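Presented below is the structure to which this report refers.
The numbers here are math on the coordinates, done by the rules we state, and not lab data. Worth saying up front: this structure is predicted, and the values here are computed from it rather than measured. Note: ideal-geometry Cβ built from the backbone for every residue, glycine included; neighbour counts use all protein chains shown.
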Amino acid sequence: MSKKLIGYLLFFGVLVLGFYFFLFKGTDKWKTKLPVISYVKPFHFTTQDGLSYTDRDMLGKVCVVEYFFTTCKGICPKMNTNMKTIYEAFKDEPNFMIVSHTCNPGTDSAARLKVYADSMKIDTKKWVLLTGRKDSLYQIARSAYLLDDPKNSVDKIEDQFIHTQFFALVDKDGKVRGQVYDGLKQAELDRLKKDIRSLLAEKAGTGNFVNGIFNNNPQ
C-alpha cells in the first residue's frame, strides 16, 4: 500500500471522527450511560401531608427511592442518616427528589410520617414520605425498584415484611438506572452521588413516558 493511499485513508478517518464528534457534541449520545435495570410502574400513594402522589409526580425528576418504617430500631435510622447526606448534597437541585415509602403502613399513617419528617428537619417538597396499601407498596418495591426479591411474596400480604437497606435511582423519564445501592456502605453512597450527578446532566424526554403512563418495556 502506497504512502499516498495510507495518507488518504488517514485523512478520511479523521473526517469521519470529526463528523461524529460534531454530530453528537452537546448531546448525551457520546457518553457512557448508566444501564436501565427497570421502569417505574403506575402507582397512587399518599404523602405525609395527606396529599395524593403518583408516578407522574416523579416525571422530570431524578429520584432516589427507599423503603423504611418509623418505628425501626435497626437499619432504618442509619439508612436515613446516610440518606440525609444525599439530601443535603442535592436539595438545591430543582430536578431532584427523594421518595421514601413506608414498609409498615398499618402503623405509618400520613400524620405519623409528618411527625417523622419534622423530626428529620427536611423539606418535604424535596424529600417526600409515602404511605398506602401494603400490597401496592410491596408490589412496586419488587417489580419496579428491585429493592426486594419477588420470591419473598407469600400468599397473605399480612405475613410479608420488607426490610431492606437498598436505594434505587430513577431518572427523569421513569427509568430505574445504574444498580441498587447499599445505603449502609459509604463506597456505594459515593457511587450514588456520582450517578445522581450524571442523571441530572442528562436531558429528559427520551420517549419512555408515553401518553401519561410509563412504558414498561425496556428497549
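Do we find a residue being β-branched (Val, Ile, Thr), more than 20 Å from the chain's Cα centre (by Cα) and on the phi < 0 side of the Ramachandran plot anywhere in segment 109-118? First the steps, then the outcome.
Here is the first cut: in segment 109-118, the residues β-branched (Val, Ile, Thr) are 115.
Restricting the remaining residues to those that are more than 20 Å from the chain's Cα centre (by Cα) gives 115.
Next cut, on the phi < 0 side of the Ramachandran plot only: 115.
Yes, the conditions are met somewhere in segment 109-118.
Scan segment 105-160 for residues that are in contact with a Phe, Trp or Tyr (Cβ under 9 Å, 6 or more places away or on another chain), in contact (Cβ under 8 Å) with a residue 60 or more places away in the chain and among the aliphatic types (A, V, I, L, M) and report the count.
Qualifying residue count, segment 105-160: 10.
Could you list all residues from segment 64-80 that are out of contact with any strand residue (DSSP E or B) (no Cβ under 8 Å at 6 or more places or on another chain) and more than 14 Å from Asp182 (Cβ to Cβ)? Let's see the steps before the verdict.
Just the residues of segment 64-80 that are out of contact with any strand residue (DSSP E or B) (no Cβ under 8 Å at 6 or more places or on another chain), to begin with: 71-75, 77-78.
Correct list: Thr71, Cys72, Lys73, Gly74, Pro77.
Given the residues Ser109, Ser143, which is the only one that is among the small types (Gly, Ala, Ser) and under 25 Å from Ser198 (Cα atoms)?
Details: Ser109 fails: under 25 Å from Ser198 (Cα atoms).
It is Ser143.
Restricting attention to segment 77-104, which residues are free of Cβ contacts under 8 Å to residues at least 60 places away in the same chain, buried (at least 22 other Cβ atoms within 10 Å of the Cβ) and over 16 Å from Lys121 (Cα atoms)?
Result: His101, Thr102.
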